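This report refers to the structure that appears directly beneath it.
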Amino acid sequence: MLAGLLTVAAGAAQADTTLTYQGASGEFTVDMKPGAVRIDDATRQWQLYEADDEAIFSVNPVDRSYTRLDRNTASAIRERVDNLRAQIESRVQQLPKGQQATARAAMLQSVPGLDTSAQKVGLDRTGRQDSVAGVSCEVVQVVRDGKPAETLCVASPKDLGISGKTFASVESMFSLMQTLLAGTGFETAGLPYLSLSGMPVRFTDTNSGERRQLVKVGHDSLAKKRFTIPDGYIETSITPPGS
């Protein structure tokens with residue numbers, strides 16, 4: 001009896017996890033297991049993180065292609081962005097002094113990711129608790145440049161039944177994203193996931209009012225194929241900003 005219970009407990013600790021969300025645009029799922037995370041949104045495209053490769057893939061079944069974001073491709077993007085900024089600054093310096101600031105701001109804003117203005121992103125932990133799909137969560141306000149932005153309700157891995165090894169893979173994915181995006185101008189575009197210490201089970205965009213929230217938590221075993229790019233898919237290059 002005891003051996004059986006220990007076996008069940010060990011299996012539960014290693015269980016894969018699927019979080020299913022629903023929003024105005026459709027269904028959104030996050031499949032996770034130790035070493036890999038797959039994210040599907042309402043489109044047919046999906047994202048895949050592989051811890052062993054230290055890479056994030058964007059997969060497009062429509063044209064059977066994928067892109068790979070790793071340290072090498074991130075470095076190439078960063079170099080391209082730096083070159084574009086240098087070109088813009090060179091053009092700005094040719095203008096009269098009184099026009100330079102306005103022209104610089106306009107040109108940087110014309111290409112996403114080029115504006116290096118430091119945006120401060122923080123969290124306001126409200127101390128309020130809520131429940132989404134039967135899961136307890138903490139209400140957290142994202143603050144961008146001192147102004148309220150997204151509102152989240154964050155659940156702990158334990159309350160979601162996510163094993164320690166699986167959540168470690170989720171954290172390593174967010175850490176890799178932060179590292180790869182540093183210096184590209186996109187590093188503050190997403191949420192400060194590493195500071196959340198959990199997973200958002202409800203997300204509300206303050207500007208649009210759009211809401212996405214958890215509707216189901218599953219722990220069925222996920223096939224390896226679920227975390228594999230299908231044979232025959234062709235790798236394509238990532239298009240840097242301004243290209």
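The values are calculated or read from the model by the stated rules, or taken from the named source; none is laboratory data. This one's a predicted model, so the numbers in the text were calculated from it and none came from an experiment. Cβ coordinates were reconstructed from backbone atoms using ideal geometry, including for glycine residues, and neighbour counts include every protein chain displayed. To get the accessible areas, we keep the full protein, side chains included, count just its heavy atoms, and leave off ligands, DNA and RNA. Shrake-Rupley method; radii C 1.70, N 1.55, O 1.52, S 1.80 Å.
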task: Give region 37-53 a look and list any residue that's farther than 20 Å from Q22 by Cβ and surrounded by fewer than 17 Cβ atoms within 10 Å (Cβ to Cβ), or say none.
output: A51, D52, D53
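Looking at V154, V170, V140, which is the one that is in contact with a Cys (Cβ under 6 Å, 6 or more places away or on another chain), surrounded by 19 or more Cβ atoms within 10 Å (Cβ to Cβ) and among the aliphatic types (A, V, I, L, M)?
On the way: V170 fails: in contact with a Cys (Cβ under 6 Å, 6 or more places away or on another chain); V140 fails: in contact with a Cys (Cβ under 6 Å, 6 or more places away or on another chain).
Step by step, each of V154, V170, V140 is checked, and only V154 is in contact with a Cys (Cβ under 6 Å, 6 or more places away or on another chain), surrounded by 19 or more Cβ atoms within 10 Å (Cβ to Cβ) and among the aliphatic types (A, V, I, L, M).
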- request: Within region 69-103, track down each residue that is of a type in the set (A, V, I, L, M), closer than 30 Å to D52 by Cβ and not in a helix (DSSP H, G or I).
  value: L69
query: Would region 157-166 turn up any residue that is in contact (Cβ under 8 Å) with a residue 12 or more places away in the chain, open to solvent by 50 Å² or more (accessible area, probe 1.4 Å), closer than 17 Å to D40 by Cα and outside any loop (DSSP other than H, G, I, E, B)?
result: no
message: Only one of D70, D82 is surrounded by 13 or more Cβ atoms within 10 Å (Cβ to Cβ) and touching an Asp or Glu at 6+ places or on another chain (Cβ under 9 Å). Can you tell me which?
response: D70
The one condition in (1) part of a loop (DSSP other than H, G, I, E, B); (2) out of contact with any Ser or Thr (no Cβ under 9 Å at 6 or more places or on another chain); (3) modelled with pLDDT of 90 or more that D63 fails to fulfil: (2)
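Do the conditions hold for G134, that is, is it of a type in the set (G, A, S) and either modelled with pLDDT under 85 or surrounded by 13 or more Cβ atoms within 10 Å (Cβ to Cβ) (or both)? Let's see the steps before the verdict.
Working: of a type in the set (G, A, S): yes; either modelled with pLDDT under 85 or surrounded by 13 or more Cβ atoms within 10 Å (Cβ to Cβ) (or both): no.
Answer is no for this residue.
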